[in-house]
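Okay, structure first, notes after.
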Amino acid sequence: MDVTNRRELARRALDGYGSGPAAPVLAMDRALAKAGNAVTLVLVEGPSDQIALETAAVGRGRDLEAERVVIVPIGGAHAIGRFLTTLGPPDSRVRLAGLYDLHEEEIFRRAMVANQVGSPRTRGDMEHLGFYVCVNDLEDELIRAVGTAGVEALFDSQGDLGSFRSLQSQPVWRGRDLEAQMRRFLGSGARRKLRYARLLVEAAGGRDALPRPLDALLTAV
């Protein structure tokens, strides 16, 4: 795939994402509008997970839309049961896969059992069914992949290092673990989490250090 096509796929992956409270709903609606033609539906908790997977796919030269792989942000882990029910019975032609945070693992597992999407008991069972865990969450995985020095350099390149230093100086965050400070910073802006999902995945891919759950999920689908 040439550079022009890669750039077009990257643009398409982020096209239409807004900011503010409506952004998750808009992302969900856009994905569900494509679900009827999908071969594989990948259920993720929110739009930042969706952007990360789509960006990683572009980095691998894949066109998920052409492959009829649709990544659906479900609006939080507690919605997983409703989406598993809505998106069809276990014998449906559509394959299901997913990405979830560590502290939501039991919620996903129980919903899968209740909706007859296999009978997973272990994390290995979950992966066999196409569902992969982020430890502790996607931001944590990406920070480890890029490294704290790399993340700070990325903040600097985006003009955000001063704002990050301000967060570090706040009494509640002063002296805290650097990775925890970065996770808080990434989650503190309405648009920031979405923007850095793409930037961090690109940085990790450039280091050939894509986090395992993203790498494994894309390999599986």
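Since every read-out is calculated from the coordinates, none of them should be taken as a lab result. Keep in mind that this is a model prediction, so the values were computed, not measured. Reconstructed Cβ throughout: ideal geometry from the backbone, glycine too, with neighbour counts over all protein chains shown.
Rounded to whole numbers, the Karplus 3J(HN,Hα) couplings from phi for the stretch 106-115 are 5, 4, 5, 4, 5, 5, 5, 5, 4, 9 Hz, using 6.51 cos²θ - 1.76 cosθ + 1.60 with θ = phi - 60°, and x at Gly and Pro. The stretch 45-110 and the stretch 185-221 have their alpha-carbon centroids 15 Å apart.
Note on the stretch 105-189: Kirkwood hydrodynamic radius from all Cα pairs is 15.1 Å, rounded to one decimal.
Summarising the overall dimensions of the stretch 160-201 from its C-alpha atoms, the Rg and Dmax are 10.4, 31 angstrom.
In percent, what relative contact order does the stretch 36-142 have, based on Cα pairs under 8 Å that are 6 or more apart in sequence?
Values: 145 pairs, mean separation 31.0, N = 107.
Computed value for the stretch 36-142: 29 percent relative contact order.
Ranked for footprinting exposure by Cβ neighbours inside 10 Å, fewest first, 122, 85, 40, 55 give 122, 85, 40, 55. A viscosity of 1.002 mPa s and a temperature of 20 °C, combined with the Kirkwood radius over Cα pairs in Stokes-Einstein, give a translational diffusion coefficient for the chain of 119 µm²/s.
Excluding residue 191 itself, calculate the net charge of residues whose Cβ lies under 12 Å from the Cβ of residue 191, where each Lys or Arg counts +1 and each Asp or Glu counts -1.
On the way: positive: 192, 193, 195, 198; negative: 160.
It works out to a net charge of +3.
P(r) for the stretch 47-101, from all Cα pairs and a bin width of 5 Å, is 4, 16, 25, 23, 18, 11, 2 %, short bins first. In a reduced charge model with +1 at each Lys and Arg Cβ and -1 at each Asp and Glu Cβ, the chain shows a dipole moment near 300 debye about its Cα centre.
How big is the Rg/Rh ratio for the stretch 146-221, C-alpha atoms only, Rh by Kirkwood, two decimals? Please list the in-between numbers first.
Working: Rg = 13.6 Å, Rh = 13.4 Å.
Here Rg/Rh amounts to 1.02.
Annotation: amide H-H contacts under 5 Å for residue 131 (H modelled 1.01 Å from N, sequence separation of 5 or more, or interchain): 98.
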